[in-house]
Each structure stands twice: as C-alpha cells, then as structure tokens.
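Read the structure below first, then the notes.
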C-alpha cells in the first residue's frame, strides 16, 4: 500500500500543476483588457505628459522647442500657481473637516430610532448624484447681488452683509467651499453609515452598561471603529481637491482676479485658452506627484497608527 501511495503522489502533483496552468491561461483573457487599458492608455498618457512638460509647444505647431526643466523652473516664480496651490490646500482642509463632521454626525443620528430614516438618507444623498453643470447656474443666481442669499439676509435684518458673493475675492472661495460641502456630504454620510453598521452591537451595549453616555460612546468606540473610512475619505478628498475643476470653472471661472483659481482650472487656462501646452503639462506633472505623495503619506501614517 505504501508503494502504491508513493507511486500515485507524483501523478496527483502533476495533475495539480496542469490544473493550475490551465487556470492561469484561462484567466489571462479576463485581465488582458484591463491590463492593456491601464498600460496602453493611462501610463502612456502619463509618460507623454511628462515628455510634453519639457517642451515649449502650443499644441498645433509641427515643431516644438525643447526647454528641458524650463517649465518647472518657471513654476517657482509663478505667483498664480502658488495662489492656486494655496487655494487647493485651504479648500481641502475646510471641506474635508466639515464634511467629516457633518457626515459622521448625520450617520450617528440616523443609526438611532428616527422616523422616515430612509427618506432622510435619500434627501442627504441626492446632491451627490446631481451634475455640476446643472447646479452651477442655480448657485450663480443664489449668490448674486439680487439672489436668494442676499434676500434672506435683508429679510432678517442683516442687509449690511449682503453683497455679490462670487464677485468678491474674499467670499468667492468660501462660497465654493459651501457648494462642495453641500454636494459631497452625502457620500461621506453613506460611507460613515456603512462603517457604523459593521461595529459589533455587543461593544455598544457593553459601553452603555458601563455607564458611558452617547458622547463618550461615539468618541471612544464608534469614531475609532470608523478610522479606516476616515482615512479613505481623507485620501479621496485630497486627490479630489487637487483635481477640482468643475465647480470653480462653472461657477466663477477661477475669478475674480484668480481668487478661486485651482490647479485644475489653471491647467485648463494655460493649456487650452493660452495654448501653453508644455507649461500646462508641467503643472499636471506636479499635480500627479502631489497626489501620489499625499496618498502614500496618509497611508503610511495610518499604518503606523494601527501597528502602534
């Protein structure tokens, strides 16, 4: 019997190897389209953008002048670029903080016994699925000198605060932040609501039996349980802030006087409107580097915190 087992073992191993090879070959066609798309389009586009960033080119001329790192050197003296980068940083910090606070609070409230909870969820999430192109004209009207915002202020006796919000460099950026917070709080809420659903009910019940109130339960059990969701939202918010284009362009077109200029709108202005393709490619390359660096930094910080 032992001899028979020894003789059969290699045959079984060979069949397993053949089965493994068959599975690998059979699975190749499924991943091949995605592989071709990622390598052939995305990575190629990134590489080509990096190449264009070394050129002084208008996008139409058959010949382009090679300038090496000249476009990147130009960035250091471009005040509009630094203003756009500063607007992006402030925009990210404010919108992420407020959206996280609102989304977490709303999710916690709707995890209690609230009447018509499904209706509330739908109302909170609706702004997330609305197209910015349909919202932008409405917000331009609302924030105009004779718009709804100023009408409300005058109606409650605060007419001294009424002014054209989007035409004032001091209030145009906060107005865009409000629009973004209104639009994306629904997504933050949904993700926090799903994360809270994964917390063990026994932990919450044990906290109540130990005399912990609602605030302490949220602070010491629910919030740590949503840490992974918070980190994911921080990464998405950071990358989204770097790519912000639609709302600033459609509502203010980067004005007034570049007060709402973002990296995305500045890339469009330089590349499409002013035909500085090489310079806009250099800004795009910087944007990509910042996005990768920020995502990696947040991921490593979260990993260290979890391991510590």
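The values are calculated or read from the model by the stated rules, or taken from the named source; none is laboratory data. Worth saying up front: this structure is predicted, and the values here are computed from it rather than measured. For neighbour counting, all protein chains shown are included, and Cβ atoms are generated from backbone atoms with ideal geometry for every residue, glycine included.
Scanning the stretch 258-275 for residues that are over 16 Å from the mean Cα position of the chain (by Cα) and free of Cβ contacts under 8 Å to residues at least 40 places away in the same chain yields 267, 268, 269, 270, 272, 273, 274.
When the residues of the stretch 231-257 are filtered to those that are in a loop (DSSP other than H, G, I, E, B) and in contact (Cβ under 8 Å) with a residue 24 or more places away in the chain, the one that is nearest to residue 128 (Cα to Cα) is 244.
Taking the stated definitions as given, is residue 73 under 21 Å from residue 288 (Cα atoms) and touching a helix residue (DSSP H, G or I) at 6+ places or on another chain (Cβ under 9 Å)? Full working, then the answer.
Values: under 21 Å from residue 288 (Cα atoms): yes; touching a helix residue (DSSP H, G or I) at 6+ places or on another chain (Cβ under 9 Å): no.
It is false that residue 73 is under 21 Å from residue 288 (Cα atoms) and touching a helix residue (DSSP H, G or I) at 6+ places or on another chain (Cβ under 9 Å).
Only residues that are modelled with pLDDT under 95 and under 12 Å from residue 286 (Cα atoms) were counted across the stretch 74-84, and they come to 2. Evaluated against (1) surrounded by fewer than 18 Cβ atoms within 10 Å (Cβ to Cβ); (2) touching a residue at least 24 places away in the same chain (Cβ under 8 Å); (3) touching a helix residue (DSSP H, G or I) at 6+ places or on another chain (Cβ under 6 Å), residue 221 falls short on exactly one condition, (2). Within the stretch 107-124, does at least one residue satisfy the condition of being surrounded by 11 or more Cβ atoms within 10 Å (Cβ to Cβ), within 30 Å of residue 256 (Cβ to Cβ) and touching a residue at least 60 places away in the same chain (Cβ under 8 Å)? No: zero hits.
In this structure, residue 307 does not qualify as more than 19 Å from the chain's Cα centre (by Cα), at pLDDT 90 or above and farther than 21 Å from residue 106 by Cα. The set of residues in the stretch 276-308 that are within 14 Å of residue 71 (Cα to Cα) and in contact (Cβ under 8 Å) with a residue 60 or more places away in the chain comprises 276, 277, 278, 279, 281, 282, 283, 284, 285, 286.
Criterion applied to 228, 294 was being touching a helix residue (DSSP H, G or I) at 6+ places or on another chain (Cβ under 8 Å), modelled with pLDDT under 90 and either within 30 Å of residue 135 (Cβ to Cβ) or not assigned by TED's automatic domain parsing to the domain that holds residue 85 (or both), and the one residue passing it is 294.
Could we say that residue 185 is surrounded by 19 or more Cβ atoms within 10 Å (Cβ to Cβ), in contact with a helix residue (DSSP H, G or I) (Cβ under 8 Å, 6 or more places away or on another chain), in the same structural domain as residue 213 (by TED's automatic domain parsing) and under 26 Å from residue 233 (Cα atoms) here? Explain how you work it out, then say what you get.
On the way: surrounded by 19 or more Cβ atoms within 10 Å (Cβ to Cβ): yes; in contact with a helix residue (DSSP H, G or I) (Cβ under 8 Å, 6 or more places away or on another chain): yes; in the same structural domain as residue 213 (by TED's automatic domain parsing): yes; under 26 Å from residue 233 (Cα atoms): yes.
Taking the combined requirement at face value, the residue satisfies it.
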